[in-house]
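The values are calculated or read from the model by the stated rules, or taken from the named source; none is laboratory data. Owing to the predicted nature of the structure, the values given are computational and were not obtained by experimental measurement. We place every Cβ from the backbone using ideal geometry, glycine too, and count neighbours over all the protein chains shown.
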Number of protein chains: 2
Amino acid sequence: MKQLQEKILADGKVLSDQVLKVDSFLNHQIDPVLMQAIGEEFASRFSNEGITKVLTLESSGIAPAMMTGLSMGVTAVFARKRKSLTLVDSLYTANVHSFTKNETNEISVSKDFIGPNDVVLVMDDFLANGQAALGLLDIVEQAGAALAGIGIVIEKGFQDGGKLLRNRGIRVESLARISSLENGTVKFLEEVASR
Amino acid sequence: MKQLQEKILADGKVLSDQVLKVDSFLNHQIDPVLMQAIGEEFASRFSNEGITKVLTLESSGIAPAMMTGLSMGVTAVFARKRKSLTLVDSLYTANVHSFTKNETNEISVSKDFIGPNDVVLVMDDFLANGQAALGLLDIVEQAGAALAGIGIVIEKGFQDGGKLLRNRGIRVESLARISSLENGTVKFLEEVASR
């Protein structure tokens, strides 16, 4: 997605060979107009899939997931990283390990909102090791729902999450795929047709 | 806001005299169409205020804040409840106590995204004791920014946050003001013109 790549080049900050900071438009400050375009792009790429639900993880997945839901005409659900007091039972749960934060969180989704009749698009802001996506896929499976695919805003193509998921035959659509952050420079994989 | 009140009556669940569960459309599953209408309503109520930034708190504030930013043509910033590894310094911080969860979180906002030239609309999904709003106001003050007011989706009018904030002369706009959850029934304060 050209608009997103240009935004990353203009406003992203390379903190190391592994870390791209996009806090100015994606995961701390949010550019709602860009997010709307991102939602429209995912809706376009996953049209004709019969998607009934977008599933993401708090917090940074919420903005793109909601905009995708708006474009698709479906609701968005965000998994919570801890149980809240008003979510007492009837939960799907999965464990997600964050290598960045070196901690494991339990994520949970109410059984009220995903079920066997759903066709789910799993979404997240970043794809790196794929741990968050795997946790969300676990929940889709527990729900007996169908998986339409995975929508990612920014994929770190030099980490193994994308390969891990695609090797399972899952359709992964990433709007920007970064091949390298070496020397403080963002390089993208060339835009490719979906797998 | 009539559409929101009707949604609360149709889909909200009263768990106790204190707790209204709106997980089906606001803070776990998100209804993007309702959220869009909420954003338009806030943009309308706070038009002519010269707002340059919407400030909220992760996670449940993100959806209404982003939609309000979209309608206003400004960016939305969400305070984080913990420092992330990619937000290393240059932070405004404040403490927010949650009576519901009985814990105090440090919230933080990068100094890159709010400054003395900003006119800020503080937003949240719920207003109960007002602790989250006070933390966000603290950050607005640290930034030397101007406060346009506070936008709340659902105010628990039987708790003291609204009074606390309005007594400071702050304009608080709540789209649904609940006067009571007693006997399992949601009662609203009558719709009033903004103060």
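A few comments on the model shown:
- Which numbered condition A:SER90 misses (of (1) among the polar types (S, T, N, Q); (2) under 23 Å from A:GLU6 (Cα atoms); (3) surrounded by fewer than 16 Cβ atoms within 10 Å (Cβ to Cβ)): (2)
- From the list B:LEU165, B:LEU121, the lone residue that is more than 22 Å from B:GLU40 (Cα to Cα) and either surrounded by 17 or more Cβ atoms within 10 Å (Cβ to Cβ) or in contact (Cβ under 8 Å) with a residue 24 or more places away in the chain (or both) is B:LEU165.
- Tally of residues being buried (at least 17 other Cβ atoms within 10 Å of the Cβ) and within 13 Å of A:MET66 (Cα to Cα) across the range B:1-38: 11
- Residue that is farthest from A:ILE114 (Cα to Cα) [pool: residues in the range B:1-41 that are away from every other protein chain (no Cβ under 13 Å) and among the hydrophobic types (A, V, I, L, M, F, W, C)]: B:MET1
- A:ARG171 being of a type in the set (Lys, Arg) and more than 28 Å from A:LYS13 (Cα to Cα): yes
- Criterion violated by A:VAL74 - all others in (1) more than 15 Å from the chain's Cα centre (by Cα); (2) farther than 24 Å from A:VAL140 by Cα satisfied: (2)
- Assessment of the range A:80-95 against the conditions (modelled with pLDDT of 95 or more, part of a loop (DSSP other than H, G, I, E, B) and within 10 Å of chain B (Cβ to nearest Cβ)) yields no matching residue.
- Checklist (1) more than 8 Å from every other protein chain (Cβ to nearest Cβ); (2) in contact with a helix residue (DSSP H, G or I) (Cβ under 8 Å, 6 or more places away or on another chain) applied to B:MET67, failing item: (1)
- Boolean, B:LEU127 is surrounded by 22 or more Cβ atoms within 10 Å (Cβ to Cβ) and within 14 Å of another protein chain (Cβ to nearest Cβ): no
- Note on the range A:54-64: residues that are facing another protein chain (nearest Cβ under 9 Å), polar (S, T, N, Q) and closer than 13 Å to A:VAL153 by Cα total 1.
- Among all positions in the range A:45-53, there is at least one residue which is within 27 Å of A:GLU106 (Cα to Cα), within 11 Å of chain B (Cβ to nearest Cβ), buried (at least 17 other Cβ atoms within 10 Å of the Cβ) and among the charged types (D, E, K, R).
- Test result for A:PHE158, in a loop (DSSP other than H, G, I, E, B), under 19 Å from B:SER60 (Cα atoms), among the aromatic types (Phe, Trp, Tyr) and at pLDDT 95 or above: no
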